[in-house]
Structures are given as C-alpha cells and as structure tokens.
Amino acid sequence: MLGKLLKGWDGYATVPLRFAVGLGFIAHGLGKFGSSPGLDGFTGMLTGLGVPAPSFFAFLVALIELVGGAFVLLGLFTRYSSASLAVVIVFAIVLVKISKGFMAVWEPDLLYLAGALSLVFTGAGNWSIDEALGWDY
C-alpha cells in the first residue's frame, strides 16, 4: 500500500540524502577552515600520518569537503562532487579511523560513504540544479 501511495515520488529520494550528506561535509570543511585546530591542526595531523605535502592536502581536503558538500546540497555537479567526497572518506577511513574501531569512529564515515556513492550512482534527482539545467552526468 505504501508503495502505491509513493509511486512517482522516487525522484525525490535523493533530496534528504543530498541534504544530510551535503550539510555533513560542509560542517567538516568549515571546521577545517575555522579556528582551533583548523587547517593548521589538520595539517599537523596529516604530517604525523606521513602524508606527503600535508599543507597542500589539508587545504585540498577542506576545499573538497566545503565546496563538494555545498554542490551536493544544491544538486550541482552531483555525481562528480559525490565521487570526490567518497574518495576523501575512503582515505579518512584507511589512514585515520580503521584502527579505532567500527562503532566508535568509522561507522558514521561508512554512512557518509554510502550516501556519497548512492549519489554517484543516482545523480541529484529532483529539486536540484542539475535537474533544472537538464544535466545528468
């Protein structure tokens, strides 16, 4: 019965997903560009992990999170933005969180990864800039 009631609404399924994924990544990006510990603290963490060019990658990750999150929220270049965010999350899990335990730390990252990958596969859906412009890449 619920399926019949919601028939034709499947294009809107991405709206709450874009909202959650986009806002989450925007918050993470703003945190890295903000104060304490900010970009310097994130650069220091990457340095401690042995990441090459830590200042460059700290800025790049923060920019991808902030701009990519905003694009996902708006439904703009959604597949590409979501793919970029998925790469960031995979590296976060592998480099930082995998050793800390599933429930405590990287369970939310898997949810962000699942959301980002879902948007890679589906695109922005309804109520998006991609849809308004007729873009579906």
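The values are calculated or read from the model by the stated rules, or taken from the named source; none is laboratory data. None of the values given here were measured: they were computed from a predicted structure. For neighbour counting, all protein chains shown are included, and Cβ atoms are generated from backbone atoms with ideal geometry for every residue, glycine included.
Residue by residue, here is whether (1) surrounded by fewer than 20 Cβ atoms within 10 Å (Cβ to Cβ); (2) assigned to a loop (DSSP other than H, G, I, E, B); (3) more than 14 Å from the chain's Cα centre (by Cα) holds:
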residue: S55; (1), (2), (3): yes, no, yes
residue: E65; (1), (2), (3): no, no, no
residue: A70; (1), (2), (3): yes, no, no
residue: S81; (1), (2), (3): no, no, no
residue: A132; (1), (2), (3): yes, no, yes
Only listed residue being in contact with a helix residue (DSSP H, G or I) (Cβ under 7 Å, 6 or more places away or on another chain) and modelled with pLDDT under 95, chosen from A86, A92, A104
A92
Give the stretch 12-53 a look and list any residue that's in contact (Cβ under 8 Å) with a residue 60 or more places away in the chain and crowded, with 19+ Cβ neighbours inside 10 Å, or say none.
T14, L17, R18, V21, G24, F25
Return only the number of the condition from (1) under 23 Å from G31 (Cβ atoms); (2) part of a loop (DSSP other than H, G, I, E, B) that N126 does not satisfy.
(1)
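Criterion first (assigned to a loop (DSSP other than H, G, I, E, B) and hydrophobic (A, V, I, L, M, F, W, C)) does V51 satisfy it? Even if it seems obvious, please write down each step before you answer.
Details: assigned to a loop (DSSP other than H, G, I, E, B): yes; hydrophobic (A, V, I, L, M, F, W, C): yes.
Yes.
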